Protein chains: 2
Amino acid sequence: MIALNTKYSQAKSEQPIDAQRPGLLSPAPAQGFEGVLQAQRGARQVFERNDTIFSEGHPVDRIYRIIAGTVRLCRHTQNGKRYIADFLLPGDMLGFIDQNDHLFTAEAVDYVSLAYYPRSQITRLFDSDASVRTHFLMHFASRMMAFQDHLFTLACQSAKERLCSFLLRLRSRGGTGAGQLLNLSMGRRDIADHLGLSVETICRSLAQLRDAGIVEIPNIHQLVLKDVEALRALSEATAE
Amino acid sequence: MIALNTKYSQAKSEQPIDAQRPGLLSPAPAQGFEGVLQAQRGARQVFERNDTIFSEGHPVDRIYRIIAGTVRLCRHTQNGKRYIADFLLPGDMLGFIDQNDHLFTAEAVDYVSLAYYPRSQITRLFDSDASVRTHFLMHFASRMMAFQDHLFTLACQSAKERLCSFLLRLRSRGGTGAGQLLNLSMGRRDIADHLGLSVETICRSLAQLRDAGIVEIPNIHQLVLKDVEALRALSEATAE
DNA sequence: CGGATAATTGATAAGACTCAATACGCGTGG
DNA sequence: CCACGCGTATTGAGTCTTATCAATTATCCG
(Lines give C-alpha, C1' and ligand atoms only; values in the text may rest on other atoms or scores of the structure.)
Protein backbone atom coordinates (compact mmCIF):
# COMPACT_ATOMS: atom_id res chain seq x y z
CA MET A 1 0.00 0.00 0.00
CA ILE A 2 1.14 3.43 -0.78
CA ALA A 3 1.66 6.08 1.78
CA LEU A 4 -1.29 6.29 4.10
CA ASN A 5 -2.44 9.76 4.65
CA THR A 6 -5.12 10.43 7.14
CA LYS A 7 -5.69 13.93 5.95
CA TYR A 8 -6.86 12.63 2.66
CA SER A 9 -9.25 10.16 4.15
CA GLN A 10 -10.99 12.36 6.60
CA ALA A 11 -14.40 11.81 5.18
CA LYS A 12 -17.27 10.17 6.96
CA SER A 13 -17.71 6.66 5.77
CA GLU A 14 -21.32 7.28 4.80
CA GLN A 15 -20.22 10.16 2.64
CA PRO A 16 -19.25 9.45 -0.91
CA ILE A 17 -15.53 9.91 -1.27
CA ASP A 18 -15.93 11.96 -4.36
CA ALA A 19 -17.58 14.66 -2.32
CA GLN A 20 -14.11 15.57 -1.24
CA ARG A 21 -12.12 16.96 -4.06
CA PRO A 22 -8.70 17.59 -2.69
CA GLY A 23 -9.11 20.68 -0.68
CA LEU A 24 -12.68 20.09 0.36
CA LEU A 25 -12.17 17.65 3.13
CA SER A 26 -15.00 17.02 5.47
CA PRO A 27 -13.93 16.53 9.06
CA ALA A 28 -14.31 13.09 10.57
CA PRO A 29 -13.98 11.56 13.97
CA ALA A 30 -10.72 9.69 14.23
CA GLN A 31 -11.98 6.17 13.93
CA GLY A 32 -11.27 3.05 11.94
CA PHE A 33 -7.67 2.58 11.08
CA GLU A 34 -6.08 5.71 12.43
CA GLY A 35 -8.39 5.84 15.39
CA VAL A 36 -7.32 2.48 16.70
CA LEU A 37 -3.70 3.36 16.21
CA GLN A 38 -3.96 6.73 17.81
CA ALA A 39 -5.50 5.15 20.87
CA GLN A 40 -2.15 3.50 21.35
CA ARG A 41 0.76 5.76 21.78
CA GLY A 42 3.29 3.88 19.75
CA ALA A 43 7.05 4.14 19.97
CA ARG A 44 8.64 7.39 18.90
CA GLN A 45 11.49 8.17 16.61
CA VAL A 46 12.91 11.47 15.43
CA PHE A 47 14.82 12.45 12.32
CA GLU A 48 16.96 15.40 11.33
CA ARG A 49 16.63 17.32 8.11
CA ASN A 50 17.38 15.14 5.08
CA ASP A 51 17.55 11.96 7.10
CA THR A 52 16.21 8.90 5.36
CA ILE A 53 13.29 7.33 7.17
CA PHE A 54 13.14 4.32 4.91
CA SER A 55 14.40 3.53 1.44
CA GLU A 56 12.71 2.43 -1.72
CA GLY A 57 12.97 -1.29 -2.15
CA HIS A 58 13.56 -2.05 1.50
CA PRO A 59 11.21 -4.38 3.33
CA VAL A 60 8.28 -2.86 5.16
CA ASP A 61 8.23 -3.57 8.83
CA ARG A 62 6.59 -0.54 10.37
CA ILE A 63 3.77 1.87 9.82
CA TYR A 64 4.47 5.46 10.83
CA ARG A 65 2.34 8.36 11.91
CA ILE A 66 3.77 11.85 11.69
CA ILE A 67 3.74 13.74 14.97
CA ALA A 68 5.63 16.78 13.77
CA GLY A 69 7.51 17.91 10.70
CA THR A 70 7.22 17.22 6.99
CA VAL A 71 8.16 14.06 5.10
CA ARG A 72 8.75 13.71 1.37
CA LEU A 73 8.10 10.53 -0.56
CA CYS A 74 10.43 10.29 -3.50
CA ARG A 75 12.22 8.19 -6.05
CA HIS A 76 15.78 8.59 -7.18
CA THR A 77 16.99 7.59 -10.62
CA GLN A 78 20.39 6.42 -11.78
CA ASN A 79 21.08 9.66 -13.59
CA GLY A 80 20.57 11.78 -10.52
CA LYS A 81 17.00 12.81 -11.14
CA ARG A 82 14.51 12.83 -8.34
CA TYR A 83 10.77 12.73 -8.32
CA ILE A 84 8.76 13.65 -5.26
CA ALA A 85 5.42 11.92 -5.22
CA ASP A 86 4.04 13.72 -2.22
CA PHE A 87 4.67 15.64 0.95
CA LEU A 88 3.20 14.33 4.17
CA LEU A 89 2.29 16.52 7.11
CA PRO A 90 1.60 16.00 10.81
CA GLY A 91 -1.29 13.60 11.26
CA ASP A 92 -0.53 11.80 8.02
CA MET A 93 0.54 8.19 8.05
CA LEU A 94 3.11 6.48 5.95
CA GLY A 95 3.71 2.86 5.35
CA PHE A 96 3.08 0.13 2.88
CA ILE A 97 0.67 -2.56 3.74
CA ASP A 98 0.31 -5.01 0.95
CA GLN A 99 3.75 -4.67 -0.51
CA ASN A 100 6.80 -6.44 0.72
CA ASP A 101 8.99 -3.53 -0.13
CA HIS A 102 8.68 0.22 0.05
CA LEU A 103 7.69 1.88 -3.18
CA PHE A 104 9.24 5.17 -2.20
CA THR A 105 12.07 6.56 -0.21
CA ALA A 106 10.81 8.63 2.71
CA GLU A 107 12.99 11.50 3.82
CA ALA A 108 12.67 14.14 6.50
CA VAL A 109 12.19 17.60 5.03
CA ASP A 110 12.80 19.24 8.37
CA TYR A 111 12.96 17.98 11.93
CA VAL A 112 10.50 15.10 12.03
CA SER A 113 8.95 13.20 14.89
CA LEU A 114 7.18 9.93 14.18
CA ALA A 115 5.20 7.34 16.05
CA TYR A 116 5.49 3.85 14.66
CA TYR A 117 3.73 0.54 14.99
CA PRO A 118 4.95 -2.88 13.98
CA ARG A 119 3.58 -4.11 10.74
CA SER A 120 2.25 -7.28 12.35
CA GLN A 121 -0.03 -5.16 14.49
CA ILE A 122 -1.47 -3.47 11.44
CA THR A 123 -1.95 -6.79 9.76
CA ARG A 124 -3.89 -8.12 12.73
CA LEU A 125 -6.05 -5.07 12.80
CA PHE A 126 -6.81 -5.42 9.17
CA ASP A 127 -7.73 -9.06 9.49
CA SER A 128 -10.03 -8.63 12.42
CA ASP A 129 -11.86 -5.41 11.81
CA ALA A 130 -14.10 -4.82 8.81
CA SER A 131 -14.37 -1.11 9.50
CA VAL A 132 -10.61 -0.88 9.32
CA ARG A 133 -10.72 -2.46 5.91
CA THR A 134 -13.38 -0.04 4.81
CA HIS A 135 -11.36 2.84 6.07
CA PHE A 136 -8.49 1.49 4.15
CA LEU A 137 -10.32 1.40 0.88
CA MET A 138 -11.47 4.95 1.30
CA HIS A 139 -7.94 5.89 2.02
CA PHE A 140 -6.78 4.23 -1.09
CA ALA A 141 -9.46 5.80 -3.23
CA SER A 142 -8.80 9.31 -2.03
CA ARG A 143 -5.07 8.88 -2.45
CA MET A 144 -5.73 7.70 -5.95
CA MET A 145 -7.76 10.81 -6.63
CA ALA A 146 -5.05 13.04 -5.29
CA PHE A 147 -2.51 11.39 -7.54
CA GLN A 148 -4.84 11.76 -10.47
CA ASP A 149 -5.07 15.46 -9.85
CA HIS A 150 -1.34 15.61 -9.75
CA LEU A 151 -1.12 13.69 -13.01
CA PHE A 152 -3.41 16.24 -14.55
CA THR A 153 -1.22 19.03 -13.24
CA LEU A 154 1.91 17.52 -14.73
CA ALA A 155 0.28 16.66 -18.03
CA CYS A 156 -1.60 19.86 -18.75
CA GLN A 157 -0.41 22.81 -16.72
CA SER A 158 2.24 25.47 -17.24
CA ALA A 159 4.88 26.31 -14.65
CA LYS A 160 2.89 29.07 -13.01
CA GLU A 161 -0.29 27.03 -13.04
CA ARG A 162 1.50 24.14 -11.38
CA LEU A 163 2.88 26.34 -8.68
CA CYS A 164 -0.49 27.93 -7.95
CA SER A 165 -2.14 24.53 -7.81
CA PHE A 166 0.53 23.35 -5.43
CA LEU A 167 0.16 26.32 -3.11
CA LEU A 168 -3.60 25.93 -3.00
CA ARG A 169 -3.31 22.23 -2.30
CA LEU A 170 -0.86 22.86 0.50
CA ARG A 171 -3.15 25.50 1.92
CA SER A 172 -6.17 23.23 1.88
CA ARG A 173 -4.23 20.50 3.61
CA GLY A 174 -3.50 22.63 6.59
CA GLY A 175 0.08 23.47 5.80
CA THR A 176 -1.16 26.89 6.71
CA GLY A 177 -0.37 28.84 9.81
CA ALA A 178 -2.64 31.65 10.95
CA GLY A 179 -4.92 33.04 8.27
CA GLN A 180 -3.12 33.67 5.02
CA LEU A 181 0.19 32.39 6.28
CA LEU A 182 1.47 29.29 4.54
CA ASN A 183 4.34 27.25 5.89
CA LEU A 184 6.69 26.12 3.16
CA SER A 185 8.77 23.68 5.11
CA MET A 186 10.15 22.14 1.93
CA GLY A 187 12.86 23.85 -0.05
CA ARG A 188 12.59 25.18 -3.59
CA ARG A 189 14.33 22.15 -4.92
CA ASP A 190 11.75 19.92 -3.29
CA ILE A 191 8.93 21.86 -4.87
CA ALA A 192 10.65 21.73 -8.23
CA ASP A 193 11.09 17.98 -8.11
CA HIS A 194 7.47 17.59 -7.10
CA LEU A 195 6.15 19.72 -9.94
CA GLY A 196 8.53 18.53 -12.63
CA LEU A 197 10.21 21.92 -12.97
CA SER A 198 13.63 23.40 -12.28
CA VAL A 199 14.51 25.30 -9.12
CA GLU A 200 15.01 28.48 -11.10
CA THR A 201 11.57 28.24 -12.62
CA ILE A 202 10.05 27.89 -9.17
CA CYS A 203 11.88 31.00 -8.02
CA ARG A 204 10.87 33.00 -11.05
CA SER A 205 7.25 31.96 -10.82
CA LEU A 206 7.19 32.87 -7.15
CA ALA A 207 8.74 36.22 -7.99
CA GLN A 208 6.04 36.84 -10.57
CA LEU A 209 3.35 36.08 -8.03
CA ARG A 210 5.04 38.42 -5.61
CA ASP A 211 5.36 41.21 -8.18
CA ALA A 212 1.69 40.78 -9.03
CA GLY A 213 0.83 41.28 -5.37
CA ILE A 214 -0.69 37.84 -5.10
CA VAL A 215 1.71 36.55 -2.46
CA GLU A 216 4.26 38.01 -0.10
CA ILE A 217 7.49 36.25 0.79
CA PRO A 218 8.46 37.31 4.29
CA ASN A 219 11.10 34.57 4.42
CA ILE A 220 12.14 31.44 2.62
CA HIS A 221 9.87 29.13 4.53
CA GLN A 222 6.76 31.23 4.78
CA LEU A 223 4.34 32.66 2.29
CA VAL A 224 1.47 35.08 2.71
CA LEU A 225 -1.36 34.39 0.32
CA LYS A 226 -2.72 37.86 -0.32
CA ASP A 227 -5.16 36.89 -3.06
CA VAL A 228 -6.39 33.33 -3.01
CA GLU A 229 -8.92 34.00 -5.73
CA ALA A 230 -6.19 35.14 -8.07
CA LEU A 231 -4.28 31.98 -7.24
CA ARG A 232 -7.32 29.93 -8.07
CA ALA A 233 -7.80 31.75 -11.35
CA LEU A 234 -4.16 31.26 -12.26
CA SER A 235 -4.18 27.59 -11.40
CA GLU A 236 -7.06 26.75 -13.71
CA ALA A 237 -6.73 23.48 -11.93
CA THR A 238 -10.35 22.44 -11.94
CA ALA A 239 -10.77 19.60 -14.36
CA GLU A 240 -14.16 19.62 -16.01
CA MET B 1 -13.11 2.66 -6.90
CA ILE B 2 -10.91 3.56 -9.75
CA ALA B 3 -10.77 1.72 -12.99
CA LEU B 4 -10.16 -1.92 -12.40
CA ASN B 5 -7.64 -3.39 -14.67
CA THR B 6 -6.94 -7.05 -14.56
CA LYS B 7 -4.00 -6.79 -16.89
CA TYR B 8 -2.04 -4.85 -14.36
CA SER B 9 -2.46 -7.36 -11.62
CA GLN B 10 -1.66 -10.22 -13.93
CA ALA B 11 1.48 -8.55 -15.08
CA LYS B 12 2.71 -8.35 -11.53
CA SER B 13 2.15 -12.01 -10.92
CA GLU B 14 5.85 -12.79 -10.92
CA GLN B 15 5.95 -10.70 -7.78
CA PRO B 16 2.74 -11.77 -6.10
CA ILE B 17 1.50 -8.97 -3.97
CA ASP B 18 -0.46 -11.17 -1.68
CA ALA B 19 1.84 -14.13 -1.22
CA GLN B 20 3.86 -12.50 1.46
CA ARG B 21 0.91 -11.36 3.47
CA PRO B 22 -0.69 -14.39 4.99
CA GLY B 23 -3.16 -12.43 7.05
CA LEU B 24 -3.70 -9.24 5.20
CA LEU B 25 -4.20 -10.62 1.79
CA SER B 26 -4.88 -14.29 1.77
CA PRO B 27 -3.71 -16.02 -1.39
CA ALA B 28 -6.51 -15.51 -3.81
CA PRO B 29 -7.70 -18.30 -6.03
CA ALA B 30 -6.89 -17.29 -9.55
CA GLN B 31 -10.42 -16.00 -10.09
CA GLY B 32 -11.21 -13.63 -7.25
CA PHE B 33 -13.17 -10.68 -8.39
CA GLU B 34 -12.99 -11.08 -12.12
CA GLY B 35 -13.38 -14.80 -11.86
CA VAL B 36 -16.73 -14.59 -10.18
CA LEU B 37 -17.90 -12.08 -12.71
CA GLN B 38 -16.63 -13.97 -15.66
CA ALA B 39 -18.50 -17.01 -14.51
CA GLN B 40 -21.60 -15.03 -15.23
CA ARG B 41 -21.92 -13.84 -18.71
CA GLY B 42 -23.27 -10.41 -18.05
CA ALA B 43 -25.26 -8.24 -20.41
CA ARG B 44 -23.47 -6.89 -23.43
CA GLN B 45 -23.21 -3.46 -24.88
CA VAL B 46 -21.24 -2.12 -27.82
CA PHE B 47 -19.91 1.33 -28.65
CA GLU B 48 -18.65 3.01 -31.78
CA ARG B 49 -15.46 4.98 -32.04
CA ASN B 50 -15.53 8.09 -29.81
CA ASP B 51 -18.75 7.08 -28.13
CA THR B 52 -18.98 8.01 -24.48
CA ILE B 53 -19.40 5.00 -22.22
CA PHE B 54 -19.92 7.06 -19.10
CA SER B 55 -19.15 10.60 -18.08
CA GLU B 56 -17.13 12.10 -15.29
CA GLY B 57 -19.37 13.08 -12.42
CA HIS B 58 -22.21 10.81 -13.35
CA PRO B 59 -23.41 8.25 -10.83
CA VAL B 60 -21.90 4.80 -10.98
CA ASP B 61 -24.41 2.08 -11.57
CA ARG B 62 -22.49 -0.56 -13.49
CA ILE B 63 -19.15 -2.26 -13.61
CA TYR B 64 -17.85 -3.09 -17.07
CA ARG B 65 -15.50 -5.67 -18.44
CA ILE B 66 -13.95 -5.10 -21.84
CA ILE B 67 -14.60 -7.89 -24.30
CA ALA B 68 -13.04 -6.20 -27.31
CA GLY B 69 -11.64 -2.83 -28.22
CA THR B 70 -9.82 -0.10 -26.37
CA VAL B 71 -11.23 2.39 -23.87
CA ARG B 72 -9.68 5.66 -22.76
CA LEU B 73 -10.24 7.18 -19.32
CA CYS B 74 -10.01 10.93 -19.50
CA ARG B 75 -10.85 14.29 -18.09
CA HIS B 76 -11.90 17.35 -20.02
CA THR B 77 -11.25 20.89 -18.85
CA GLN B 78 -13.16 24.08 -19.48
CA ASN B 79 -10.50 25.43 -21.77
CA GLY B 80 -10.62 22.47 -24.08
CA LYS B 81 -7.70 20.55 -22.69
CA ARG B 82 -7.91 16.84 -22.21
CA TYR B 83 -5.95 14.49 -20.05
CA ILE B 84 -6.02 10.75 -20.60
CA ALA B 85 -5.30 8.87 -17.43
CA ASP B 86 -5.13 5.46 -19.01
CA PHE B 87 -6.04 3.15 -21.84
CA LEU B 88 -7.88 -0.05 -21.03
CA LEU B 89 -7.65 -3.18 -23.15
CA PRO B 90 -9.69 -6.36 -23.54
CA GLY B 91 -9.87 -8.19 -20.24
CA ASP B 92 -9.61 -4.99 -18.25
CA MET B 93 -12.46 -3.84 -16.09
CA LEU B 94 -13.75 -0.38 -15.50
CA GLY B 95 -16.02 0.96 -12.87
CA PHE B 96 -16.03 2.66 -9.54
CA ILE B 97 -17.10 0.81 -6.48
CA ASP B 98 -16.87 3.04 -3.50
CA GLN B 99 -17.47 6.23 -5.34
CA ASN B 100 -20.85 7.64 -5.99
CA ASP B 101 -19.74 9.29 -9.16
CA HIS B 102 -17.34 8.49 -11.93
CA LEU B 103 -13.94 10.09 -11.63
CA PHE B 104 -13.29 9.88 -15.35
CA THR B 105 -15.06 9.97 -18.59
CA ALA B 106 -14.73 6.66 -20.41
CA GLU B 107 -14.74 6.78 -24.20
CA ALA B 108 -14.42 4.17 -26.89
CA VAL B 109 -11.16 4.49 -28.80
CA ASP B 110 -12.36 2.09 -31.47
CA TYR B 111 -15.23 -0.35 -31.71
CA VAL B 112 -15.75 -1.56 -28.17
CA SER B 113 -17.73 -4.47 -26.77
CA LEU B 114 -18.43 -4.57 -23.06
CA ALA B 115 -20.04 -6.88 -20.58
CA TYR B 116 -21.57 -5.13 -17.63
CA TYR B 117 -22.89 -5.99 -14.20
CA PRO B 118 -25.08 -3.95 -11.91
CA ARG B 119 -23.24 -2.18 -9.19
CA SER B 120 -25.40 -3.75 -6.52
CA GLN B 121 -24.14 -7.14 -7.54
CA ILE B 122 -20.55 -6.02 -7.14
CA THR B 123 -21.31 -4.48 -3.81
CA ARG B 124 -22.85 -7.73 -2.58
CA LEU B 125 -19.86 -9.67 -3.77
CA PHE B 126 -17.55 -7.31 -2.04
CA ASP B 127 -19.41 -7.48 1.22
CA SER B 128 -19.70 -11.21 1.33
CA ASP B 129 -16.46 -12.53 -0.07
CA ALA B 130 -13.12 -11.87 1.58
CA SER B 131 -11.17 -13.14 -1.39
CA VAL B 132 -12.93 -10.62 -3.57
CA ARG B 133 -11.81 -7.89 -1.25
CA THR B 134 -8.32 -9.22 -1.34
CA HIS B 135 -8.31 -9.23 -5.07
CA PHE B 136 -9.57 -5.73 -4.96
CA LEU B 137 -6.75 -4.50 -2.83
CA MET B 138 -4.18 -6.05 -5.06
CA HIS B 139 -5.85 -4.41 -7.94
CA PHE B 140 -5.74 -1.10 -6.24
CA ALA B 141 -2.11 -1.45 -5.30
CA SER B 142 -0.97 -2.34 -8.77
CA ARG B 143 -3.01 0.47 -10.27
CA MET B 144 -1.42 2.84 -7.84
CA MET B 145 2.00 1.66 -8.88
CA ALA B 146 1.17 2.11 -12.53
CA PHE B 147 0.01 5.65 -11.90
CA GLN B 148 3.15 6.36 -9.94
CA ASP B 149 5.23 5.27 -12.88
CA HIS B 150 3.23 7.55 -15.08
CA LEU B 151 3.73 10.43 -12.68
CA PHE B 152 7.43 9.82 -12.87
CA THR B 153 7.25 9.82 -16.63
CA LEU B 154 5.44 13.14 -16.74
CA ALA B 155 7.62 14.77 -14.12
CA CYS B 156 11.06 13.69 -15.30
CA GLN B 157 11.14 12.47 -18.86
CA SER B 158 11.64 14.16 -22.21
CA ALA B 159 9.32 13.74 -25.16
CA LYS B 160 11.18 10.84 -26.71
CA GLU B 161 11.66 9.15 -23.36
CA ARG B 162 7.93 9.40 -22.66
CA LEU B 163 7.04 7.89 -25.98
CA CYS B 164 9.46 5.00 -25.54
CA SER B 165 8.15 4.34 -22.06
CA PHE B 166 4.64 4.35 -23.40
CA LEU B 167 5.39 1.91 -26.20
CA LEU B 168 7.12 -0.46 -23.82
CA ARG B 169 4.28 -0.30 -21.36
CA LEU B 170 1.78 -0.99 -24.09
CA ARG B 171 3.87 -3.89 -25.27
CA SER B 172 4.12 -5.42 -21.83
CA ARG B 173 0.39 -5.16 -21.39
CA GLY B 174 -0.29 -7.31 -24.37
CA GLY B 175 -1.32 -4.59 -26.74
CA THR B 176 1.00 -6.52 -28.97
CA GLY B 177 0.06 -8.67 -31.90
CA ALA B 178 2.40 -11.37 -33.16
CA GLY B 179 6.01 -10.93 -32.08
CA GLN B 180 7.22 -7.41 -32.55
CA LEU B 181 3.91 -6.12 -33.82
CA LEU B 182 2.25 -3.55 -31.60
CA ASN B 183 -1.33 -2.49 -32.07
CA LEU B 184 -1.80 1.23 -31.66
CA SER B 185 -5.55 1.40 -31.56
CA MET B 186 -5.47 4.91 -30.13
CA GLY B 187 -4.76 7.89 -32.32
CA ARG B 188 -1.81 10.23 -32.10
CA ARG B 189 -3.91 12.80 -30.34
CA ASP B 190 -4.81 10.24 -27.71
CA ILE B 191 -1.17 9.40 -27.11
CA ALA B 192 -0.30 13.07 -26.92
CA ASP B 193 -2.96 13.79 -24.32
CA HIS B 194 -1.81 10.80 -22.33
CA LEU B 195 1.84 11.85 -22.31
CA GLY B 196 1.31 15.57 -21.87
CA LEU B 197 2.72 16.40 -25.31
CA SER B 198 1.41 17.81 -28.57
CA VAL B 199 0.34 15.69 -31.52
CA GLU B 200 3.17 17.06 -33.61
CA THR B 201 5.74 16.09 -31.02
CA ILE B 202 4.41 12.54 -31.00
CA CYS B 203 4.71 12.39 -34.77
CA ARG B 204 8.21 13.78 -34.78
CA SER B 205 9.38 11.49 -32.02
CA LEU B 206 7.93 8.51 -33.85
CA ALA B 207 9.66 9.63 -37.03
CA GLN B 208 12.95 9.83 -35.18
CA LEU B 209 12.52 6.30 -33.89
CA ARG B 210 11.69 5.18 -37.41
CA ASP B 211 14.72 6.94 -38.89
CA ALA B 212 16.91 5.37 -36.26
CA GLY B 213 15.65 1.96 -37.31
CA ILE B 214 14.17 1.27 -33.90
CA VAL B 215 10.59 0.94 -35.08
CA GLU B 216 8.79 0.52 -38.36
CA ILE B 217 5.44 2.11 -39.11
CA PRO B 218 3.62 -0.11 -41.57
CA ASN B 219 0.41 1.82 -40.99
CA ILE B 220 -1.12 4.29 -38.61
CA HIS B 221 -2.41 1.73 -36.15
CA GLN B 222 0.46 -0.70 -36.10
CA LEU B 223 4.06 -0.49 -35.07
CA VAL B 224 6.90 -2.96 -35.46
CA LEU B 225 9.35 -2.81 -32.60
CA LYS B 226 12.62 -3.65 -34.30
CA ASP B 227 14.86 -2.95 -31.34
CA VAL B 228 13.26 -3.25 -27.95
CA GLU B 229 16.58 -2.86 -26.18
CA ALA B 230 17.13 0.49 -27.84
CA LEU B 231 13.65 1.50 -26.75
CA ARG B 232 14.48 0.53 -23.23
CA ALA B 233 17.72 2.48 -23.32
CA LEU B 234 15.95 5.52 -24.68
CA SER B 235 13.18 5.37 -22.13
CA GLU B 236 15.53 5.45 -19.14
CA ALA B 237 12.31 4.77 -17.36
CA THR B 238 13.66 2.65 -14.57
CA ALA B 239 13.49 4.62 -11.39
CA GLU B 240 16.36 3.69 -9.10
C1' DC C 1 -14.72 9.65 -56.25
C1' DG C 2 -14.94 13.25 -52.81
C1' DG C 3 -15.15 15.16 -48.47
C1' DA C 4 -13.80 14.92 -43.75
C1' DT C 5 -10.69 13.64 -40.38
C1' DA C 6 -6.16 12.44 -38.93
C1' DA C 7 -1.18 12.39 -39.65
C1' DT C 8 2.95 14.32 -41.12
C1' DT C 9 6.32 17.81 -42.04
C1' DG C 10 8.11 22.64 -41.98
C1' DA C 11 8.90 27.23 -39.92
C1' DT C 12 8.71 30.02 -36.04
C1' DA C 13 8.18 31.39 -31.25
C1' DA C 14 7.43 30.77 -26.47
C1' DG C 15 8.41 28.58 -22.34
C1' DA C 16 11.41 26.32 -19.49
C1' DC C 17 16.16 24.66 -18.84
C1' DT C 18 21.01 25.35 -18.21
C1' DC C 19 24.89 27.81 -16.94
C1' DA C 20 26.77 31.49 -14.38
C1' DA C 21 27.00 35.06 -11.11
C1' DT C 22 25.49 37.10 -6.94
C1' DA C 23 22.86 37.40 -2.62
C1' DC C 24 20.98 35.57 1.46
C1' DG C 25 20.70 32.70 5.85
C1' DC C 26 22.66 30.23 9.15
C1' DG C 27 25.81 27.82 11.88
C1' DT C 28 30.64 27.67 13.33
C1' DG C 29 34.64 29.25 15.26
C1' DG C 30 37.84 32.80 16.13
C1' DC D 1 30.31 39.84 18.50
C1' DC D 2 31.88 39.48 14.04
C1' DA D 3 34.08 36.99 10.12
C1' DC D 4 33.93 33.14 7.48
C1' DG D 5 32.08 29.33 4.81
C1' DC D 6 28.62 26.49 3.16
C1' DG D 7 24.24 25.55 1.28
C1' DT D 8 20.28 27.51 -0.67
C1' DA D 9 17.84 31.05 -3.11
C1' DT D 10 17.57 34.52 -6.52
C1' DT D 11 18.39 36.82 -10.76
C1' DG D 12 20.44 37.29 -15.48
C1' DA D 13 21.80 35.63 -20.19
C1' DG D 14 21.63 32.42 -23.64
C1' DT D 15 20.09 27.93 -25.51
C1' DC D 16 17.17 24.11 -26.43
C1' DT D 17 13.12 21.57 -26.30
C1' DT D 18 8.59 21.56 -27.34
C1' DA D 19 4.31 24.15 -28.60
C1' DT D 20 2.08 26.65 -32.05
C1' DC D 21 0.74 27.85 -36.55
C1' DA D 22 0.50 26.60 -41.30
C1' DA D 23 0.64 23.67 -45.30
C1' DT D 24 0.62 19.21 -47.27
C1' DT D 25 -0.31 14.42 -47.47
C1' DA D 26 -2.52 10.19 -46.02
C1' DT D 27 -6.50 7.62 -44.50
C1' DC D 28 -11.10 6.54 -43.72
C1' DC D 29 -15.89 6.01 -45.25
C1' DG D 30 -20.03 7.06 -47.46
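So here's what we get for this one:
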| read-out | value |
| --- | --- |
| Length gained when the stretch residue B:100-residue B:226 is fully extended (0.36 nm per residue, less Cα-Cα span) | 40.8 nm |
| Computed over the stretch B:157-235: relative contact order in percent, which uses C-alpha pairs under 8 Å that are six or more apart | 39 percent |
| Computed accessible area, residue A:156, all protein chains, 1.4 angstrom probe, square angstrom | 20 Å² |
| Pseudo-label separations to other copies for residue B:123 - Cα-to-Cβ vector, 7 Å, nm | 3.3 |
| For residue A:81, label point 7 Å along C-beta direction: distances to other copies, nm | 2.0 |
| Carbon + sulfur, % of accessible area of the stretch A:157-235 - ligands and nucleic acids excluded, 1.4 Å | 51 percent |
| Tensor-based shape of the stretch A:57-147 (alpha-carbon gyration tensor, a/c under 1.5 rounded, otherwise prolate or oblate) | prolate |
| Segment residue B:129-residue B:172, length gained on full extension (0.36 nm per residue, minus Cα span) | 12.4 nm |
| Candidate residues B:92, B:227: accessible-area rank, largest first, probe 1.4 Å | B:227, B:92 |
| Accessible area that becomes buried as A packs against B, both chains, 1.4 Å probe, Å², nearest 100 | 4700 Å² |
| Cross-link pairs A:160/A:226; A:160/B:160; B:81/B:160 - those with Cα-Cα distance over 20 Å | A:160/B:160; B:81/B:160 |
| Probe 1.4 Å - accessible area at residue B:105, Å² to nearest ten | 10 Å² |
| Partner chain coverage, peptide B:78-88 - average Cβ within 10 angstrom | 3 |
| Solvent exposure, largest accessible area first (probe 1.4 Å, DNA, RNA and ligands not counted), of B:229, B:107, B:236 | B:229, B:236, B:107 |
| Residue A:169 accessible area, assembled protein chains, probe 1.4 Å, Å² | 50 Å² |
| Solvent-accessible area per residue for the stretch A:157-235 (1.4 angstrom probe, square angstrom) | 43 Å² |
| Nm distances between copies for residue B:228, ranked from closest, using label points 7 Å along Cα→Cβ | 5.2 |
| Solvent exposure ordering (accessible area, 1.4 Å, most first) of A:123, A:201 | A:201, A:123 |
| Cβ-derived FRET efficiency at R0 45 Å, residue A:46 paired with residue A:210, nearest 0.05 | 0.85 |
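The values are calculated or read from the model by the stated rules, or taken from the named source; none is laboratory data. A quick note: this is a predicted structure, and the numbers were derived from the prediction, not measured. Reconstructed Cβ throughout: ideal geometry from the backbone, glycine too, with neighbour counts over all protein chains shown. Surface accessibility is based on the protein's heavy atoms, side chains included, excluding ligands, DNA and RNA. Shrake-Rupley method; radii C 1.70, N 1.55, O 1.52, S 1.80 Å.
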